[in-house]
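Asker: Structure provided below as structure tokens; questions to follow.
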Amino acid sequence: MDHILELNNVSKKYKEFQLNNISFNLEKGYIMGLIGPNGAGKSTTIKLIMNLIKKDSGEIKIFGKDYKKDEIAVKERIGFVYDENYFYEDLNLLEMKNIIAPFYKNWDEEAFQKHIKVFNLPLKRKIKELSRGMKMKYSLALALSHKADLIIMDEPTSGLDPIIRNELLGILYDVIQDEEKGILFSTHNTTDLDKIADYITFINNGEMVFSESKDEIMNKYKIIKGGKEILTDDIRKSLIGIKEHNYGFEALTTNSVLLKREFKDEIIIENATLGDIMIYIVRGNK
Amino acid sequence: MLNLIKKEFLVQRKYSLIFFGYSIFMLIVLSLSPGGAVESVYAVAGVTIIYMFVQYSCAIEDKNNSEKILNSLPVSRNKIVFSKFISVILFSVFITVIIGLLGELFTKLSFLYIKKISIEEIISILTTAWILASVYLPIYFKFGDIKAKLFNIIIFFVFFSGSLLFNSIIKIFFQNSFTMPIIDSLSNQGPIIIGGIILLIAIIIVTLSAAISTKVYYNREFN
């Protein structure tokens, strides 16, 4: 398989936070969602991939190459969109583009102009005068205009209204249609990924919870509801993030088939969304 | 790298009027009376404006957090560092020419005591500005602009409180038995050779500073 991005046991330690042994792979033609609550380590992971911060241990390979040794060649093929505007805000869109474009050997002016037109962006307007949605679209226009094979996006949808978010997700879906590109997309808003992600990597408190295909995750994790009388110690061990109330309990489980066989109509098994999975796992069994 | 240098000037475009206006203001104000200020009019004006350029350049990167973008582009960190140094050198030459030309113009105004810019003054502008930038930029590349600003306090202290200390050091240097023969042989040279030597020392300091900057910037993290 062609991995365009590989992380093996990547760790980074700060005074008050630690990212531990993060491992995942992304193949071309797919979208991977990097999920987790705020402060889980998603942005740290992306900064490590972009070599904005240095890893303490582990291995990062992009397009099969060492991300540091071949940094320039690798970055030629990466389009990035960050959570904030880091452009020179006193410049207008055209001036900023004129700064960025010459760095890329494969800059495609025609593609840029097309994206600017489709996204309805005013080239003569200063960056500081743009709305958050416009800034995000501008970042995306730049990321998509140099024939990048890997698009890395850190919380691109945060703070955007549902219409622009939907539009952005549509664009990303179009981007991967040629099956030559891959997208890594971090978000704490999992509804974005319900629609478009193929793989999900879940990080919580600096630890990796899982990195699997979305379909497998959806098949594996189910929500179980039932009466408190079935909550024996053994059953509790097979449940995640148990929430008890007056009439019974709700929890997440990866043992839905066994539990259904055992308790039949005493329990209800429901499909979980990515949001549910994240909430139950983060809550844990306190 | 040319692109990064162009960027340095583009992002400071809106300050160009300030730089130009400030040049005129300083030249006029400092040369209104025949006292000591007029002697150092070019050096004070030139160094101040070049130092402003260095500071604005770093402050703009910091304000926009744009180093995250620059370091995500296919460009080496060395080039980011070198382009900053080269733009400071280019700007310093440019501003020296501008204030030289303005001085030339102002000599025709009878109420000003300004003289034409001399080769010594050109060298003193360039060397002072380059040495200041050579200290400021490695601190900026290591710690970012906010901590580098602390350096300004040191500069302020040196400029306004350290002149006595500086004078003593110079005296010791000139009366030292080891340096005396060197000073003597230098004083026999023409001003161009002395100026050339001073400029060469400044260039060596700039080169060392750029080398230190690339090393510290390579290890910098952008959280």
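The values are calculated or read from the model by the stated rules, or taken from the named source; none is laboratory data. The shown structure was predicted, so the numbers you read here are calculated from the model rather than taken from an experiment. Here Cβ is always computed from backbone atoms with ideal geometry, including for glycine, and neighbour counts include all displayed protein chains. Surface areas here come from the heavy atoms of the whole protein model, side chains and all, with no ligands, DNA or RNA. Shrake-Rupley method; radii C 1.70, N 1.55, O 1.52, S 1.80 Å.
Asker: If I go through region A:210-229 residue by residue, how many of them are touching an Asp or Glu at 6+ places or on another chain (Cβ under 7 Å), crowded, with 16+ Cβ neighbours inside 10 Å and farther than 18 Å from A:Asp194 by Cα?
Answerer: Kept after step one, since they are touching an Asp or Glu at 6+ places or on another chain (Cβ under 7 Å), are these residues of region A:210-229: A:213-214, A:222-223, A:225-228.
Keeping just the survivors that are crowded, with 16+ Cβ neighbours inside 10 Å gives A:214, A:222-223, A:226.
Still in the running and farther than 18 Å from A:Asp194 by Cα: A:226.
So the count comes out to 1.
Asker: Which of the residues belonging to region A:1-28 are under 15 Å from the mean Cα position of the chain (by Cα) and not acidic (Asp, Glu)?
Answerer: A:Leu5, A:Leu7, A:Ile22, A:Ser23, A:Phe24, A:Asn25, A:Leu26
Asker: Filter region A:237-274 down to the residues that are of a type in the set (A, V, I, L, M, F, W, C) and within 20 Å of A:Phe202 (Cβ to Cβ) and list them by number. Before the answer, list the steps.
Answerer: Restricting attention to region A:237-274, the residues satisfying the condition of being of a type in the set (A, V, I, L, M, F, W, C) are A:239-240, A:242, A:249, A:251-252, A:257-259, A:263, A:267-269, A:272, A:274.
Once the filter is applied, which keeps residues that are of a type in the set (A, V, I, L, M, F, W, C) and within 20 Å of A:Phe202 (Cβ to Cβ), region A:237-274 yields A:Leu239, A:Ile240, A:Ile242, A:Ala251, A:Leu252, A:Ala272, A:Leu274.
Asker: In addition: On the given criteria, is A:Glu95 facing chain B (nearest Cβ under 8 Å) and surrounded by 19 or more Cβ atoms within 10 Å (Cβ to Cβ)?
Answerer: yes
Asker: So which residues in region A:75-88 are more than 8 Å from chain B (Cβ to nearest Cβ) and at pLDDT 90 or above?
Answerer: A:Arg77, A:Gly79, A:Val81 - these are the residues of region A:75-88 that are more than 8 Å from chain B (Cβ to nearest Cβ) and at pLDDT 90 or above.
Asker: While we're on this one: Looking only at region B:50-76, count every residue that is closer than 20 Å to B:Lys147 by Cα and either assigned to a helix (DSSP H, G or I) or open to solvent by 10 Å² or more (accessible area, probe 1.4 Å) (or both) and tell me the total.
Answerer: 18
Asker: So which helices (runs of 4 or more DSSP H) are wholly in region B:91-202 and hold at least 3 residues that are at pLDDT 85 or above and of a type in the set (Phe, Trp, Tyr)?
Answerer: Details: elements: B:119-143, B:145-161, B:163-175, B:180-187.
Those helices (runs of 4 or more DSSP H) span B:119-143.
Asker: Between A:Asn106, A:Asn51, which is within 19 Å of the chain's Cα centre (by Cα) and in a loop (DSSP other than H, G, I, E, B)? Quick ask: steps written out before the conclusion?
Answerer: Working: A:Asn106 fails: within 19 Å of the chain's Cα centre (by Cα).
The match here is A:Asn51.
Asker: In region A:48-74, what residues are away from chain B (no Cβ under 12 Å) and among the polar types (S, T, N, Q)?
Answerer: If the condition is that a residue be away from chain B (no Cβ under 12 Å) and among the polar types (S, T, N, Q), then A:Ser57 is the only one that fits.
Asker: Working only within region A:176-209, note down all residues that are hydrophobic (A, V, I, L, M, F, W, C) and surrounded by fewer than 19 Cβ atoms within 10 Å (Cβ to Cβ). Walk me through how you get there before you give the answer.
Answerer: Residues of region A:176-209 hydrophobic (A, V, I, L, M, F, W, C): A:176, A:183-185, A:193, A:196-197, A:200, A:202-203, A:208-209.
Matches in region A:176-209: A:Ile176, A:Ile196, A:Val209.
Asker: Find all pairs meeting these conditions: Cβ atoms under 6 angstrom apart; at least six residues apart or on different chains; first residue within region B:208-223 and more than 13 Å from chain A (Cβ to nearest Cβ) and open to solvent by less than 90 Å² (accessible area, probe 1.4 Å); second residue in a helix (DSSP H, G or I) and hydrophobic (A, V, I, L, M, F, W, C).
Answerer: B:Ala210/B:Phe85; B:Ser213/B:Val81; B:Ser213/B:Leu137; B:Ser213/B:Phe141; B:Thr214/B:Val81; B:Val216/B:Phe141
Asker: Which of (1) more than 9 Å from chain B (Cβ to nearest Cβ); (2) surrounded by fewer than 22 Cβ atoms within 10 Å (Cβ to Cβ); (3) more than 30 Å from B:Tyr15 (Cα to Cα) is the odd one out, the single condition A:Thr45 does not satisfy?
Answerer: Condition (2) is where A:Thr45 drops out.
Asker: Further question on the same structure: State all residues of region A:150-166 that are buried (at least 16 other Cβ atoms within 10 Å of the Cβ) and either of a type in the set (Ser, Thr, Tyr) or part of a helix (DSSP H, G or I) (or both); if no residue qualifies, say none.
Answerer: Correct list: A:Thr157, A:Ser158, A:Ile164, A:Arg165.
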